[in-house]
Structures are given as structure tokens and as C-alpha cells.
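The values are calculated or read from the model by the stated rules, or taken from the named source; none is laboratory data. In this text the structure is predicted, and so the values were computed from the model without any measurement. All Cβ positions, even for glycine, are placed from backbone atoms using ideal geometry, and neighbour counts span all protein chains on display.
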Amino acid sequence: MKAKTLLGLALLAFAVGSIGYLVASEWGGGGDEDTAAAAPNAPATPGPPADLGAGLPEDGVVVTYFVGGKRCPTCLKIEDYAKEALTEGFPGQVAGGTVVWRIVDTDAAANRYFVEHYDLFAKTLIVSRRAAGEEVNWQSLDDIWTRVADKDDFLAYVRGAVTGYLADMEAEAP
């Protein structure tokens with residue numbers, strides 16, 4: 001009986017210690033990443049990647065799926081559906097480079113800019129409009145997670161956002 005009690009107390013102490021360590025690690029800021037962020041004269045927000053505009057249209061629509069970490073089956077389905085929404089919904093614009101599809105890994109240090117810029121906290125689909133080589137408007141398609149169960153609804157949702165920006169471009173054309 002005494003051995004069981006001692007073993008139980010030892011396991012409890014281990015569990016409490018592990019939780020304490022995790023809390024201290026998260027809130028204590030002891031990692032290299034936190035130290036670098038707090039370094040004097042370091043910019044508070046990293047600037048955009050040097051190749052931010054590489055491969056993007058001067059005037060057009062960019063659909064970006066921001067991913068990081070492990071990707072579940074639903075995450076992969078969102079990627080497939082979003083790509084399909086563009087390639088089958090806007091084949092001429094995709095071929096001509098007016099509508100661009102890309103995937104950006106937010107875990108890569110070079111892409112931290114996007115996390116700050118779009119206030120990303122999960123895998124997200126962003127549709128943005130570019131004019132004269134600059135992003136002029138963007139929207140986060142937050143409902144992708146609730147619409148992924150209905151493929152037709154998902155495709156219509158993504159295509160609707162892209163169509164809206166393409167219509168804005170046409171309205172502003174001389």
C-alpha cells in the first residue's frame with residue numbers, strides 16, 4: 001500500500017512539475033526566438049520579404065493559402081478546393097497571370113511578415129487585390145472552415161470574392 005502511495009505522489013509531482021515548466025516556458029520567454037525579439041534596436045515588426053511581389057501581378061487578384069505546422073485532411077481539402085475554385089472558375093485569368101494562386105508557409109521565418117500583416121492565427125485563405133504593383137485591398141475568407149463540408153458552397157464562396165475584385169478592376173479600368 002505504501003509503495004502505491006509513494007508512486008502516486010511521485011507521478012503527481014512529475015505532472016505538476018511538467019505543467020509548471022510549460023507555463024514558465026510560455027510566459028517566461030526563455031527561448032532564443034523571444035530573446036531575439038526583445039533585442040535592443042530590433043524592429044518590432046519584421047518588414048515584408050524581399051521577394052514579396054515576385055510572381056505577383058501588377059494589377060490582379062492573389063489568393064493565398066497560409067499554412068503552418070501539420071496539415072490535417074480538412075486543411076488539404078481546403079487547399080484542393082481553393083485551387084480548383086480558381087483553375088476551373090477563372091482559367092483564362094489564371095493562365096494570363098491576372099489571378100494568382102499561392103501557398104505560403106507561415107512557420108518559415110521569412111514569412112513572419114504575413115502573420116503580422118494579416119493577423120494570422122490559423123490556416124487562412126486571403127484574397128487580395130493588387131493595383132500598380134501594390135496590395136490595395138484584401139479580405140480573409142474566414143468561412144472556409146464551415147463551408148468545406150459543402151464543396152459547391154465552398155467553390156462559390158471563393159469565386160465570389162475573386163469575382164468581386166475582378167469587377168472592381170474592370171470598373172476602374174480607363
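Report whether or not PHE114 is of a type in the set (A, V, I, L, M, F, W, C) and over 19 Å from ASP168 (Cβ atoms).
Criteria met by PHE114.
Counting only residues that are without any contact (Cβ under 8 Å) to a residue 40 or more places away in the chain and in contact with a strand residue (DSSP E or B) (Cβ under 7 Å, 6 or more places away or on another chain), how many does the range 72-93 have?
So the count comes out to 2.
Can you find a residue in the range 116-127 that is in contact (Cβ under 8 Å) with a residue 12 or more places away in the chain, among the acidic types (Asp, Glu), closer than 20 Å to GLY68 by Cα and loosely packed, with under 14 Cβ neighbours inside 10 Å?
Our first condition is that a residue be in contact (Cβ under 8 Å) with a residue 12 or more places away in the chain; within the range 116-127, this holds for 116-118, 120, 123-127.
Subsequent filtering for residues that are among the acidic types (Asp, Glu) retains 116.
Next cut, closer than 20 Å to GLY68 by Cα only: 116.
This time we only want the ones that are loosely packed, with under 14 Cβ neighbours inside 10 Å, so: 116.
The answer is yes, given that some residue of the range 116-127 is in contact (Cβ under 8 Å) with a residue 12 or more places away in the chain, among the acidic types (Asp, Glu), closer than 20 Å to GLY68 by Cα and loosely packed, with under 14 Cβ neighbours inside 10 Å.
Applying the selection to the range 131-157, what residues are touching an Asp or Glu at 6+ places or on another chain (Cβ under 7 Å), part of a loop (DSSP other than H, G, I, E, B) and of a type outside the set (A, V, I, L, M)? So that I can check it myself, show each step before the final result.
First pass over the range 131-157, keeping only residues touching an Asp or Glu at 6+ places or on another chain (Cβ under 7 Å): 131-133, 147, 155, 157.
Now drop any that are not part of a loop (DSSP other than H, G, I, E, B), which leaves 132-133.
The answer is GLY133, and nothing else.
Per-residue answers, yes or no, for (1) in a helix (DSSP H, G or I); (2) touching a Cys at 6+ places or on another chain (Cβ under 8 Å); (3) under 18 Å from LEU56 (Cβ atoms):
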{"residue": "GLN93", "(1), (2), (3)": "yes, no, yes"}
{"residue": "ILE103", "(1), (2), (3)": "no, no, yes"}
{"residue": "ASP119", "(1), (2), (3)": "no, no, no"}
{"residue": "ARG129", "(1), (2), (3)": "no, no, yes"}
{"residue": "ARG159", "(1), (2), (3)": "yes, no, no"}
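At pLDDT below 95 and surrounded by 15 or more Cβ atoms within 10 Å (Cβ to Cβ): does that describe PRO57?
yes
Determine, yes or no, whether ASP107 is surrounded by fewer than 16 Cβ atoms within 10 Å (Cβ to Cβ), touching a Gly at 6+ places or on another chain (Cβ under 6 Å) and closer than 16 Å to PHE66 by Cα.
In short, yes.
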